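Shown next, in structure tokens, is the structure this report addresses.
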Amino acid sequence: MYDELSKDEIKQRLGEYAATLVPAGSTIGLGTGTTVYWLIKELGNRVRKGLSCQVVPTSEATRKLAEDEGIRVVSLNDAGPIAVTIDGADEASFGFQLIKGGGAALLQEKMVAAASEKMIVIIGEDKHVPKLGKFPLPVEVIPAGWKPLVRKILATGAKEVILREKNDEPVLTDHGHYLLDCHYDVIDDPAALNTSLHLLPGVVETGLFIDMADTLVIGYSNGDIMREENIHSTGTGGIKS
Ligand code: 5RP
């Protein structure tokens, strides 16, 4: 039992715990973000002590960090079967649907997760919600036509759609796209919204991960870590490799 842990302390405990879930000799998908940062650090420790594994990174940031830790990195094209992807999320619903992309890596995160046998999601208790939508939904779009897309996304029920910027410049994803952060407040039907957004020309990918999470590993401020298994899961998005 701990005194109240901060959100950052929960992330560290989750990341370090997640490293214990990496089977020896496996290929795993490695997510992106401040929770996964601790997974990569601990995986680096374990590799230096003799653990053999290789990772498929979901972003340039993760690739660099993993390489700096001496972890063997392979591309998605060269990886072969991926046993499990371990990633964070911005929100996970009680029904195991996710919002991801707060770290701008949603496209490759979804591609790597879809190529994996299983997806384990590591989140603090504050991100485990009855319904998605409080966190603005990131949507990755082609830069040449982002303004008309704002109007079309508003028509799907978003209250506000904001181009993600840093230092007054649009944030570019690893794949050279823009991100629109879409404020819905509550998303009643994530699967239907995901389909509607994908029908808009210029949308590359959405941060809605539908039926992809097999396991939620949830960290609590009292130090507990609980696992929730998705008994309805048929593999990441039903696209078992
Ligand atoms: C990056 C993501 C991250 O998994 C998500 O933003 C959670 O990040 P963090 O662990 O830093 O809170 O989707 O695109």
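Rule-based calculations on the coordinates, nothing more; no lab input. Here the structure is a predicted model, which means the values were calculated and not measured. Here the Cβ positions follow ideal geometry from the backbone for every residue, glycine too, while neighbour counts run over all protein chains shown.
Between residue 94 and residue 198, what is the FRET efficiency for a Förster distance of 22 Å, r being their Cβ-Cβ separation, to the nearest 0.05? Each step should come with its number before you reach the end.
Values: r = 24 Å, r/R0 = 1.09.
Efficiency computed from Cβ-Cβ geometry: 0.35.
For the chain, the fraction of alpha-carbon pairs lying more than 26 Å apart is 36 percent, rounded to a whole number. Extending 7 Å from Cα along the Cβ direction at residue 52 and again at residue 7 yields two label points whose distance is 4.1 nm.
If you run the Gaussian network model on the chain, springs between alpha carbon atoms under 10 Å, then out of 87, 174, 189 the most flexible one is 189. In a fully extended conformation the segment linking residue 64 and residue 24 would gain 12.2 nm over its present Cα-Cα distance, using 0.36 nm per residue.
Between residue 191 and residue 144, the modelled labels are 3.5 nm apart [label points 7 Å from Cα along Cα→Cβ].
Once R0 is set to 30 Å, what does the formula 1/(1 + (r/R0)^6) return for the Cβ-Cβ distance between residue 151 and residue 77, expressed as a FRET efficiency to the nearest 0.05? Display every interim value, and only then the final one.
On the way: r = 36 Å, r/R0 = 1.21.
Efficiency at R0 = 30 Å is approximately 0.25.
When only alpha carbons are used to place a centre, the stretch 74-135 and the stretch 176-230 end up 8 Å from one another.
Applying the Karplus relation 6.51 cos²θ - 1.76 cosθ + 1.60 with θ = phi - 60° to the stretch 89-100 yields 3J(HN,Hα) values of 7, 8, 8, 10, 7, 4, x, 6, 8, 10, 10, 10 Hz, where x marks Gly and Pro. A Förster distance of 30 Å, applied to the separation of the beta-carbon atoms of residue 126 and residue 16, puts the FRET efficiency at 0.95. Of 64/159; 110/131; 7/131; 7/41; 127/152; 11/159, which ones are farther than 25 Å apart at the Cα? Violating the 25 Å limit, Cα to Cα: 64/159; 127/152; 11/159.
Under 1.5 on a/c is rounded, so check that first for the stretch 137-207, then, if it is not, pick prolate when a/b is larger than b/c and oblate when it is not; a ≥ b ≥ c are the square roots of the alpha carbon gyration tensor eigenvalues. Verdict is prolate for the stretch 137-207.
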